[in-house]
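The values are calculated or read from the model by the stated rules, or taken from the named source; none is laboratory data. Remember, predicted model here, so these are calculated numbers, not experimental data. Positions of Cβ are backbone-derived with ideal geometry, glycine not excepted, and every protein chain shown enters the neighbour counts.
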Amino acid sequence: MIGNGCALVNVADDLASLAAPLAQRVVVWRGIRSINNTFGVSSGDLETLVDCTLEVDQFFATTADRRVAEAEFAEPATAPALYKVTVQPRTEAVSC
């Protein structure tokens, strides 16, 4: 954490001020380095999570380019995976 956390709050506030509702549905990607640490299951049990809906109430960095997610998050990793996220219209998002 930076200092007492105020700098992190300022960055989050700055990002939130840039957010705007999406006009259409968008597919984005996010990589993770450890299935077990993220989902609490082994890679062999990952299929038990199919069709689960996860609600994220914080900033969730993603990319529209799958290759970026693979390169940035999947290596080096012990049990990597990719999220394919379909973001619904009117969802507040920051695009760059």
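Only one residue in V28, V85, V41 is in a loop (DSSP other than H, G, I, E, B), at pLDDT 85 or above and surrounded by 11 or more Cβ atoms within 10 Å (Cβ to Cβ), so which one is that? Lay out the reasoning, then the answer.
Numbers: V28 fails: in a loop (DSSP other than H, G, I, E, B); V85 fails: in a loop (DSSP other than H, G, I, E, B).
Every option except V41 fails the conditions.
Tell me, please, whether a residue that is assigned to a strand (DSSP E or B), small (G, A, S), surrounded by 11 or more Cβ atoms within 10 Å (Cβ to Cβ) and at pLDDT 80 or above can be found in region 48-62.
The answer is no; no qualifying residue exists.
Pairing residues of region 42-62 that are more than 14 Å from K84 (Cα to Cα) with residues that are in a loop (DSSP other than H, G, I, E, B), at Cβ distances under 7 Å and at least 6 apart in sequence or on separate chains, gives T48/V41.
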